[in-house]
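The structure appears right after this line, and notes come after that.
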Amino acid sequence: MQKSHRNKFSTSDKLRAVGLVLDSGRSFNSVSQEFNTHHCVISLWVACYQAHGVSGLSLKSGRHSGDFKWQVLQDMFSNCLSLHQVSVKYRITPSVVQQWKRLYEQSGSDSLYHSKPVGRPSTMKKKVRTKSANNSDDSFAALQKENLYLRAENDYLKKLSALIQAKQMLLKKHKPLKN
């Protein structure tokens with residue numbers, strides 16, 4: 001048995017494990033100890049083999065459409081299927097189906113149609129984009145509005161200053177003289 005990184009097994013290893021269960025009558029636990037994995041993995045391999053033959057031992061991987069995810073969950077809910085049964089039927093790992101189910105329960109069916117970016121996020125800084133024509137029009141209009149506001153404020157302050165000066169002049173004129 002050649003076990004590679006991250007518990008990935010070759011199709012021949014899976015086929016050998018299925019043979020040990022079906023032909024030799026060994027339990028899932030004893031075979032899982034020999035293959036150094038969990039007994040649920042072995043039971044999934046056996047069920048997939050029984051449902052789909054040798055092709056069932058290679059689960060589908062990659063990106064799935066939102067429609068496919070919705071179809072899988074609808075089948076699961078309407079027919080009261082377990083994660084294990086859905087995994088066997090659609091040849092998808094139970095953890096992926098569980099993730100879709102959790103996403104659906106938390107955020108609704110629309111969340112199934114939005115996919116996350118694949119891979120590690122870029123460490124490079126993103127370039128600052130120049131403003132487009134639409135943004136420059138918006139900013140020009142905002143600047144014009146601010147300019148009008150500042151002019152009105154300036155005129156108000158000039159008027160206020162003139163009124164204060166006029167009041168001070170009146171007070172100087174009417175002040176009684178002391179001898």
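Derivation of every value follows stated rules applied to the coordinates shown; laboratory data play no part. This one's a predicted model, so the numbers in the text were calculated from it and none came from an experiment.
Over the chain, the reciprocal of the mean inverse Cα-Cα separation, the Kirkwood hydrodynamic radius, stands at 23.4 Å.
Each Cα pair under 8 Å and six or more residues apart adds its sequence gap; the mean of these over the residue count of the range 60-114 is a relative contact order of 38 percent. Classified by the C-alpha gyration tensor, the range 1-58 has an oblate form. Its axis ratio a/c, with a ≥ b ≥ c, is 1.5 or above, and a/b does not exceed b/c.
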